[in-house]
1. For the stretch 121-142, which positions are part of a loop (DSSP other than H, G, I, E, B), open to solvent by 50 Å² or more (accessible area, probe 1.4 Å) and not polar (S, T, N, Q)?
2. Please determine whether any residue of the stretch 31-50 is open to solvent by 50 Å² or more (accessible area, probe 1.4 Å), touching a strand residue (DSSP E or B) at 6+ places or on another chain (Cβ under 8 Å) and of a type in the set (S, T, N, Q).
3. Of everything in the stretch 88-108 that's open to solvent by less than 60 Å² (accessible area, probe 1.4 Å), modelled with pLDDT under 95 and in a strand (DSSP E or B), which residue is nearest to Leu124 (Cα to Cα)?
4. Suppose we filter the stretch 153-175 for residues that are closer than 14 Å to Ser186 by Cβ and either small (Gly, Ala, Ser) or exposed (fewer than 15 other Cβ atoms within 10 Å of the Cβ) (or both); how many remain?
5. Filter the stretch 200-257 for residues that are in a loop (DSSP other than H, G, I, E, B) and closer than 23 Å to Glu190 by Cα and give the result.
6. Name the residues in the stretch 143-184 that are part of a loop (DSSP other than H, G, I, E, B) and of a type outside the set (S, T, N, Q), would you?
7. Take the conditions open to solvent by less than 70 Å² (accessible area, probe 1.4 Å) and either more than 20 Å from Ile151 (Cα to Cα) or in a strand (DSSP E or B) (or both) and apply them to Lys59. Does it pass?
8. Collect the residues in the stretch 192-212 that are free of Cβ contacts under 8 Å to residues at least 12 places away in the same chain and farther than 22 Å from Glu171 by Cα, keeping them in residue-number order.
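The values are calculated or read from the model by the stated rules, or taken from the named source; none is laboratory data. The model shown is predicted, which means the values in this text are computed figures rather than measured ones. Quick reminder, even Gly has a Cβ in these numbers, built from the backbone with ideal geometry, and neighbours come from all protein chains shown. The accessibility values were calculated without ligands, DNA or RNA, using every heavy atom of the protein model including side chains. Shrake-Rupley method; radii C 1.70, N 1.55, O 1.52, S 1.80 Å.
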Amino acid sequence: MLKKGLLIAALLLIMSNVATAKDILITNDTGTQGKGHLLVEVNSEFSFDEESADGVTTKESGIEFESIFSYGLAENIDFIVALPYAWNKVKEDGVTIQKEEGISDVGLELKWRFYEKDGLSFALKPGISLPTGDDEKGLGAGRAAYGIFFITTKEVQPLLFHLNLAYTRNENKVDERKDIWYASLSGEVELIKKLTFIGNVGVQTNTDPASGSPPAFILGGFNYEVTDAFSVNAGIKGGLTRAETDYAVLTGLAWRF
C-alpha cells in the first residue's frame, strides 16, 4: 500500500505542475511567464486515507512538498522544473507498519501556448520524469516516464475555465499500469479584488493494473494576491471514488521575478 500511495502521489506531482500563481488548481492553464521572467512556487499537500478490509483498519497519511521553477524562454514558452519530496506513514489498527521519506522523481516540462484569440487559448505541455526517487522505498518509479498535456483556457467574464486532457507513459519497475489517461476541468472567479475562488474536478486511470476503479477528485480553494509578485493559496481536495485519497489539505506560495 505504501508504494502504491507514494507512486500515485509522485505521478500526480508530475501531472499537476501549474505555471501560474494559482498553484492549487491542479488543472493547468495556458498562461506563461513571458520571456526572461521566472516563477518560483512552493506547494504542499497533506493527505489522509483510511480503508477497512478483513477486520483490519489501515490508515495512511502523507506529506508532499514540491518546488517548481518556471522560466520564460519566450513570451509563449516556459521551461519548468519540479523538485518533489514525499513523506508517508501507514498504520494498521494503530500500529505503524511502514514509514518512508525522501526525494521523489524530478519532473521536466515545456509549455507552449500555440493559439490565443478572443479569450480562448490552447497549449501543449510535454514532459518527462527522471528516476531520482528510490523505487525500492516506493519513492519513485525506477524508470523515466513521459507524457503530454493538451490545455485549453477560456475566459467568459467574470469566469475563467481550464480543461486538461493528458496521457502519461508510466514506465516503471513496480508492476504499475503503464498507460495513464487524465482529464480535469476547473473554474475560477474573483470574489473581491485580489481574492479568487477556485473549483476543480478530475479523473485518471488507476495505476494499479488489478483495479478498474479510476481515482477521481473534487477540489475547492482560494488564491490571494498579496502583491503583483507574490501570492498565497489554500484548498481542500476530496476523493470522489474509493481509489482516490479520502481528503487532502493543499497550500502554496508563489513569487514572480
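1. Looking only at the stretch 121-142, we keep the residues that are part of a loop (DSSP other than H, G, I, E, B), and these are 131-134, 138-142.
After this cut, where a residue has to be open to solvent by 50 Å² or more (accessible area, probe 1.4 Å) as well, the list is 131-132, 134.
Across the stretch 121-142, the qualifying residues are Pro131, Asp134.
2. no
3. Among those that are open to solvent by less than 60 Å² (accessible area, probe 1.4 Å), modelled with pLDDT under 95 and in a strand (DSSP E or B), it is Gly102.
4. Here is the first cut: in the stretch 153-175, the ones closer than 14 Å to Ser186 by Cβ are 153-156, 159-166.
Retained after the next criterion (residues that are either small (Gly, Ala, Ser) or exposed (fewer than 15 other Cβ atoms within 10 Å of the Cβ) (or both)): 155-156, 159, 165-166.
Qualifying residue count for the region: 5.
5. Residues of the stretch 200-257 in a loop (DSSP other than H, G, I, E, B): 205-215, 226-229, 240-246, 257.
Correct list: Val226, Thr227, Asp228, Ala229.
6. Arg143, Ala144, Pro158, Glu171, Lys173, Val174, Asp175, Glu176, Arg177, Lys178
7. Working: open to solvent by less than 70 Å² (accessible area, probe 1.4 Å): no; either more than 20 Å from Ile151 (Cα to Cα) or in a strand (DSSP E or B) (or both): yes.
Here the answer is no, as Lys59 does not meet what is asked.
8. Going through the stretch 192-212, the residues free of Cβ contacts under 8 Å to residues at least 12 places away in the same chain turn out to be 192-193, 210, 212.
Once the filter is applied, which keeps residues that are free of Cβ contacts under 8 Å to residues at least 12 places away in the same chain and farther than 22 Å from Glu171 by Cα, the stretch 192-212 yields Ile192, Lys193.
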